Amino acid sequence: GNSVTQMEGPVTLSEEAFLTINCTYTATGYPSLFWYVQYPGEGLQLLLKATKADDKGSNKGFEATYRKETTSFHLEKGSVQVSDSAVYFCALHQGAQKLVFGQGTRLTINP
Amino acid sequence: NAGVTQTPKFQVLKTGQSMTLQCAQDMNHEYMSWYRQDPGMGLRLIHYSVGAGITDQGEVPNGYNVSRSTTEDFPLRLLSAAPSQTSVYFCASTKGLAGENEQFFGPGTRLTVL
């Protein structure tokens, strides 16, 4: 079946460092891909999405490109801030609005 | 708009007790779903509904019941709580059924079963 694999966390970086969180997927067809973010004590909220191959989603300085040839959707940000500390989830859409999530990556940014 | 609301925020149950987790949305979304979040496992779909009167099972439905009598409300019932149901529960809603539509999540209910 469809699945999503994220890099193991936790990830700890210093402010202004470059961030990459890897995400790969297994799916039939052409799923839509998402990154959701969960700030402490809150529910998940959509960070960015891409709906077809080679699309780039972007928001709040984060970017991810839908790479069908490598079945990847890696999240990147050029200069992280303390306020980016959160748990990040990669997900794919699997028909009838079912989202399949990765296990989540906890990111901590130190000042 | 309040978005997606969930009550209670926290709950402690004893094994065998029953309870209902409430979820409501005021965005007139057709699709609603329940997830549980466990450490290292991401979110897993419990049940979902594509409209009033229609529900279906997700990945981990055992031990849970749902109903959808109105567009706004989608309660999750634990019939006989077990320690394995200790988790954080999230309700979500989406407008329409298109795959690229954003899901809106509630703030979650943290449940502990002793």
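The values are calculated or read from the model by the stated rules, or taken from the named source; none is laboratory data. As the structure is a prediction and not an experimental result, all values here were calculated from the model. Backbone-built Cβ (ideal geometry, glycine too); neighbour counts: all protein chains shown. Only protein heavy atoms, including side chains, enter the accessible area calculation; ligands, DNA and RNA are left aside. Shrake-Rupley method; radii C 1.70, N 1.55, O 1.52, S 1.80 Å.
Within segment A:21-42, the set of residues being of a type in the set (Ser, Thr, Tyr) and either under 25 Å from A:ALA53 (Cβ atoms) or modelled with pLDDT of 95 or more (or both) comprises A:THR24, A:TYR25, A:THR26, A:THR28, A:TYR30, A:SER32, A:TYR36.
Of everything in segment B:33-60 that's open to solvent by 40 Å² or more (accessible area, probe 1.4 Å) and small (Gly, Ala, Ser), which residue is farthest from A:LEU44 (Cα to Cα)?
Looking at the filtered set, the residue picked out is B:GLY53.
Do we find a residue being open to solvent by less than 10 Å² (accessible area, probe 1.4 Å), closer than 30 Å to B:ASP56 by Cβ, in a strand (DSSP E or B) and modelled with pLDDT of 95 or more anywhere in segment A:7-20? Among the residues of segment A:7-20, not one is open to solvent by less than 10 Å² (accessible area, probe 1.4 Å), closer than 30 Å to B:ASP56 by Cβ, in a strand (DSSP E or B) and modelled with pLDDT of 95 or more, which makes the answer no. In the condition set (1) modelled with pLDDT under 95; (2) farther than 17 Å from A:LEU99 by Cα; (3) surrounded by 14 or more Cβ atoms within 10 Å (Cβ to Cβ), B:GLY99 is compliant with all but (2). Scanning segment B:51-70 for residues that are of a type in the set (S, T, N, Q), under 14 Å from B:LEU21 (Cβ atoms) and assigned to a strand (DSSP E or B) turns up just one, B:ASN65. Restricting attention to segment A:46-90 and to residues that are open to solvent by less than 20 Å² (accessible area, probe 1.4 Å) and among the small types (Gly, Ala, Ser), the residue that is nearest to A:PHE34 (Cα to Cα) turns out to be A:ALA50. Here is a check on your reading of the model: is A:LYS77 farther than 30 Å from B:TRP34 by Cβ and either within 13 Å of the chain's Cα centre (by Cα) or of a type in the set (Lys, Arg) (or both)? The answer is yes for A:LYS77.
All of A:VAL80, A:VAL100 fail the test of being touching a Leu at 6+ places or on another chain (Cβ under 9 Å) and part of a strand (DSSP E or B), apart from A:VAL100. In segment B:61-81, which residues are crowded, with 17+ Cβ neighbours inside 10 Å and of a type in the set (Val, Ile, Thr)? If the condition is that a residue be crowded, with 17+ Cβ neighbours inside 10 Å and of a type in the set (Val, Ile, Thr), then B:VAL66, B:THR71 are the ones that fit.
The set of residues in segment A:26-45 being open to solvent by 10 Å² or more (accessible area, probe 1.4 Å) and not in a loop (DSSP other than H, G, I, E, B) consists of A:THR26, A:GLN38, A:GLN45.
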